[in-house]
Amino acid sequence: MPNMMEMTGGEIAAAMETMAVAQQNDQFRKAMIAGADSLTPKGKHVMTAAVAARGPDFQLAATRAVAQDTTFTEDNDPYKDRTFGTVTVEGERLFWKIDLYDEGYEWASPDPANKRVTRRVLTIMFPSDY
């Protein structure tokens, strides 16, 4: 994070929003394995047909890998909001992506940092599915 003393009020607000979204996305991903509670952001977890076709053991390994992912770089997280990542499962590279929707899953969230009005959809896919 840049030096807040050198930031404008608007830049500070934007950085705080990004940090809130990143924290919520981490919490949402981790809940796939650890379990959700009343504080976990709401949403759905899905995988592409190609990932599902690899069978339940691969699906579980992929879900665990995504839930436990902590590798965020400028390449896979340029906006620092943790909406995208890459993991390797059984020698196969996978992407995961979180999209932020409104409560009806129809449009973009009106306020991504507000988990009361934001619904997440996490998709696990092969790079060729993207």
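Read-outs throughout are calculated quantities, based only on the coordinates presented, and are distinct from any laboratory measurement. What you are looking at is a predicted structure, and each value in this text was computed from that prediction instead of being measured. Cβ coordinates were reconstructed from backbone atoms using ideal geometry, including for glycine residues, and neighbour counts include every protein chain displayed.
Each residue of the stretch 95-106 in turn: what ³J(HN,Hα) in whole Hz from Karplus with 6.51, -1.76, 1.60 and θ = phi - 60°, glycine and Pro shown as x?
Per residue, the Karplus-derived 3J(HN,Hα) values read 9, 10, 9, 10, 9, 10, 10, 6, 5, x, 6, 10 Hz.
Write down the percent of antiparallel bridges among all DSSP beta bridges whose residues are both part of the stretch 4-129, to the nearest 5.
If we restrict to bridges inside the stretch 4-129, about 75 percent are antiparallel.
Could you work out the relative contact order of the chain, using alpha carbon pairs under 8 angstrom and six or more residues apart, expressed as a whole percent?
28 percent
Using alpha-carbon positions, what is the distance between the centroids of the stretch 1-55 and the stretch 94-121, in Å?
10 Å
Of A65, M16, G55, which is farthest on the positive side of the dipole of the chain, counting Cα position, with +1 on Lys and Arg Cβ, -1 on Asp and Glu Cβ, and the Cα centre as origin?
Of the listed residues, the answer is G55.
Based solely on its DSSP helices, what 222 nm [θ] is calculated for the chain when runs of n ≥ 4 H residues each add -39,500 (n - 2.57) and the sum is averaged over all residues, nearest 500 deg cm²/dmol?
Only helices count here, giving -10500 deg cm²/dmol.
Any idea what the dipole of the chain comes to, in debye rounded to 20, about its Cα centre with Lys/Arg Cβ at +1 and Asp/Glu Cβ at -1?
Here the size comes out at about 460 debye.
Once phi is turned into ³J(HN,Hα) by the Karplus curve 6.51 cos²θ - 1.76 cosθ + 1.60 with θ = phi - 60°, what whole-Hz value does each residue of the stretch 57-66 show in order, with x for glycine and proline?
Here the 3J(HN,Hα) series is 5, 5, 4, 5, 4, 5, 4, 4, 4, 5 Hz.
I need the phi-derived Karplus couplings for the stretch 37-47: 6.51 cos²θ - 1.76 cosθ + 1.60, θ = phi - 60°, integer Hz, Gly and Pro marked x.
10, 5, 8, 6, x, 7, x, 10, 10, 9, 9
Once Lys and Arg get +1 and Asp and Glu get -1 on their Cβ, which of S109, G35, M7 lies farthest toward the positive end of the dipole of the stretch 4-129?
Going by the Cα projections, it comes out as G35.
Stokes-Einstein D for the stretch 4-129 at 25 °C, 0.890 mPa s, Kirkwood Rh over Cα pairs, in µm²/s?
Using the Kirkwood radius from Cα pairs, D works out to 160 µm²/s.
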